[in-house]
Amino acid sequence: MKRTWLLLCICVSLAITAQAQSNYSVNFSSLLSEHLTLENAIRLGLENNSEFLTARQEIIIAEQKVSEAKFRYLPQFTLQGNASWYDADSAMILPEIATSRFLPPSKMLDSNRYYGVGASATQYIYSGGRIHGALKTARANLKQAQSRYESVKNAIVLDIKKSFTHLLYAQQHAALAQDLWNKTARWHLSSDGWTRIRQQAILAQLQARANQAQYELEQARLAMLVSLNKETNAPLTISGDLDPVSITGDLPHFQLWATEFRPELKTAIYALELDSIAIDIALSRRYPDILLNASYERVGSSDLDDENKQLSLAVRLPIPYTFSQQISQKKAEHKKGTLHRSAIEDTIRVQVTSSFTKMAFWQKEVETRRETYQLLEKLIKQQLKQTPHTGITGLEALHDYLQTGQAYLEALRENHIAKAELEWAIGKDL
């Protein structure tokens, strides 16, 4: 019984995992006959964006460099074998690729051949902190790559949210304009000349607005395809709600979040860390390298009977002419990075303040316009049912209703965009 329950739990877990993976790995072709939601649009846009994929590869490269830096703590092993033929009237040294072996003149040996195989290991006992500095540099570069990845992702998500919102607005605007134009298609024209001219002018304006709304819809659909990095002739249908959105929270709270979540600020901090590490590495040049080397080899002219062993301790102290200049350069770069970070902090504060102010305005404005639009919508429906479709007053009212509806849809669009920009400014979804 226990085995049966265990197998059942394993099967359920595998099914859930497979379902989660299939949902995440959704591609554009599987959504051609469905409505594309904002969540899926963001996923597809990220998966198809070359800049985002490049940032992801930069993380992989940085991770490999961290692994390479860790290997520098381990001994460096070398295996080598060589076979040489020579004819020397005086003593000679083999080239470096043949172990730099010293060979006596040919007349002193019975053979003009030389063979050798061996292994050696070199271990840093002390490096003045340079190996540790290289590892810290690799780790800081990895953090920078991760921050750049988040920065690129946030920018792409913002672009997709804006394109998605513009397309939702364009769809509803086109539907409203076309609906009003259809309502006026059978409007009875007046027999009075001047009234008829005025009626024709209003009808022409309504038709032009419907045509322009349809054109803007096509442009918004094209912009959405560009944001998704898809072919411009690919079919696309989206679904979503363009209802008023609101936020809770004050400006100081959002600015505090921005200092914590904005990846651009983290990138500047990691750049300062790299500058500090560079100063430490430049200062470490005053300290020597202490290395331990051991080797074992078997050599001979006809066989490998001779055996050689050695264990060496070496001290190496480089004396660069530009030692003091390098330290001054790194300190100047660190100061430059500090100023750059301060500038980024100021920019982020301005972005958060601007986005918060914009959101506060449209959050209030959209409610005012909605009340006006809903009132006119109710009155228009009543009048269309109760009164005949004649005269000029009705056409003027429909024209005003269209303007009010467009203004309300514009407020909804700006309301959603303001929220997306505020989320980008603080680096966190609300």
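Check region 309-317 and report whether any residue there is out of contact with any His (no Cβ under 9 Å at 6 or more places or on another chain), of a type in the set (Ser, Thr, Tyr), closer than 26 Å to Thr259 by Cβ and modelled with pLDDT under 95. Let's see the steps before the verdict.
Start the filter on region 309-317 by keeping residues that are out of contact with any His (no Cβ under 9 Å at 6 or more places or on another chain), which leaves 309-317.
Applying the additional criterion that residues be of a type in the set (Ser, Thr, Tyr) yields 312.
Those left that are additionally closer than 26 Å to Thr259 by Cβ: none.
Checked region 309-317: no residue is out of contact with any His (no Cβ under 9 Å at 6 or more places or on another chain), of a type in the set (Ser, Thr, Tyr), closer than 26 Å to Thr259 by Cβ and modelled with pLDDT under 95.
Any residue in region 157-170 that is over 30 Å from Trp85 (Cβ atoms), surrounded by 14 or more Cβ atoms within 10 Å (Cβ to Cβ) and free of Cβ contacts under 8 Å to residues at least 60 places away in the same chain?
Looking only at region 157-170, we keep the residues that are over 30 Å from Trp85 (Cβ atoms), and these are 157-170.
Filter once more, keeping what is surrounded by 14 or more Cβ atoms within 10 Å (Cβ to Cβ): 157-170.
Imposing the further condition that a residue be free of Cβ contacts under 8 Å to residues at least 60 places away in the same chain reduces the set to 170.
There is at least one residue in region 157-170 that is over 30 Å from Trp85 (Cβ atoms), surrounded by 14 or more Cβ atoms within 10 Å (Cβ to Cβ) and free of Cβ contacts under 8 Å to residues at least 60 places away in the same chain.
Scan region 401-412 and give yes if some residue there is touching an Asp or Glu at 6+ places or on another chain (Cβ under 8 Å), modelled with pLDDT of 90 or more and under 28 Å from Val157 (Cβ atoms), otherwise no. Full working, then the answer.
Initially, region 401-412 is screened for residues touching an Asp or Glu at 6+ places or on another chain (Cβ under 8 Å), giving 401, 405, 411-412.
In the following step, the residues that additionally are modelled with pLDDT of 90 or more were identified as 401, 405, 411-412.
Okay, now just the ones that are also under 28 Å from Val157 (Cβ atoms), so 411-412.
The answer is yes; a qualifying residue exists.
Looking at (1) in contact with a strand residue (DSSP E or B) (Cβ under 8 Å, 6 or more places away or on another chain); (2) modelled with pLDDT of 90 or more; (3) open to solvent by 30 Å² or more (accessible area, probe 1.4 Å), which is the only condition Ile60 fails?
Ile60 satisfies all of (1) in contact with a strand residue (DSSP E or B) (Cβ under 8 Å, 6 or more places away or on another chain); (2) modelled with pLDDT of 90 or more; (3) open to solvent by 30 Å² or more (accessible area, probe 1.4 Å) except (1).
Which of the residues that make up region 209-225 are more than 17 Å from Gln406 (Cβ to Cβ) and touching a residue at least 24 places away in the same chain (Cβ under 8 Å)? Reasoning before the result, please.
Going through region 209-225, the residues more than 17 Å from Gln406 (Cβ to Cβ) turn out to be 218, 221-225.
Answer for region 209-225, where residues must be more than 17 Å from Gln406 (Cβ to Cβ) and touching a residue at least 24 places away in the same chain (Cβ under 8 Å): Arg221, Ala223, Met224.
With respect to the numbered conditions (1) under 23 Å from Leu74 (Cα atoms); (2) surrounded by fewer than 11 Cβ atoms within 10 Å (Cβ to Cβ); (3) β-branched (Val, Ile, Thr), which one is the sole condition not fulfilled by Ile277?
If we test Ile277 against (1) under 23 Å from Leu74 (Cα atoms); (2) surrounded by fewer than 11 Cβ atoms within 10 Å (Cβ to Cβ); (3) β-branched (Val, Ile, Thr), just (2) comes out false.
Each row is one residue, and each column tells you yes or no for (1) within 30 Å of Gln144 (Cα to Cα); (2) open to solvent by 50 Å² or more (accessible area, probe 1.4 Å); (3) touching a strand residue (DSSP E or B) at 6+ places or on another chain (Cβ under 9 Å); (4) of a type in the set (Gly, Ala, Ser).
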site	(1), (2), (3), (4)
Ile319	no, yes, no, no
Gly337	yes, no, no, yes
Ile348	yes, no, no, no
Glu396	no, yes, no, no
Gln406	no, no, no, no
Gly427	yes, no, no, yes
Leu430	yes, yes, no, no
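Tell me which of these Gln374 doesn't satisfy, since it passes every other one: (1) open to solvent by less than 70 Å² (accessible area, probe 1.4 Å); (2) at pLDDT 90 or above.
The one condition Gln374 does not meet is (1).
Filter region 350-371 for residues that are within 25 Å of the chain's Cα centre (by Cα) and open to solvent by 60 Å² or more (accessible area, probe 1.4 Å); which is farthest from Gln255 (Cα to Cα)?
Among residues in region 350-371 that are within 25 Å of the chain's Cα centre (by Cα) and open to solvent by 60 Å² or more (accessible area, probe 1.4 Å), the one farthest from Gln255 (Cα to Cα) is Ser354.
Please name all residue pairs, on different chains or six or more residues apart, with Cβ atoms under 6 Å, provided the first residue is in region 123-137 and is among the aromatic types (Phe, Trp, Tyr) and the second residue is crowded, with 17+ Cβ neighbours inside 10 Å and outside any loop (DSSP other than H, G, I, E, B).
What qualifies is Tyr124/Leu291.
Given the criteria open to solvent by less than 70 Å² (accessible area, probe 1.4 Å), of a type in the set (A, V, I, L, M, F, W, C) and in contact with a Gly (Cβ under 8 Å, 6 or more places away or on another chain), does Phe261 qualify? Walk me through it before giving the result.
On the way: open to solvent by less than 70 Å² (accessible area, probe 1.4 Å): yes; of a type in the set (A, V, I, L, M, F, W, C): yes; in contact with a Gly (Cβ under 8 Å, 6 or more places away or on another chain): yes.
In short, yes.
Can you name the number of the only condition in (1) farther than 16 Å from Ala258 by Cα; (2) open to solvent by 30 Å² or more (accessible area, probe 1.4 Å); (3) part of a helix (DSSP H, G or I); (4) of a type outside the set (Gly, Ala, Ser) that Pro388 fails?
(3)
The values are calculated or read from the model by the stated rules, or taken from the named source; none is laboratory data. Treat the numbers as computed from the prediction; the structure is a model and nothing was measured. So basically every Cβ, Gly included, is an ideal-geometry build from the backbone, and we count neighbours across all protein chains shown. Ligands, DNA and RNA are stripped out before the accessible areas are found, and what is left, the full protein with its side chains, is counted by its heavy atoms. Shrake-Rupley method; radii C 1.70, N 1.55, O 1.52, S 1.80 Å.
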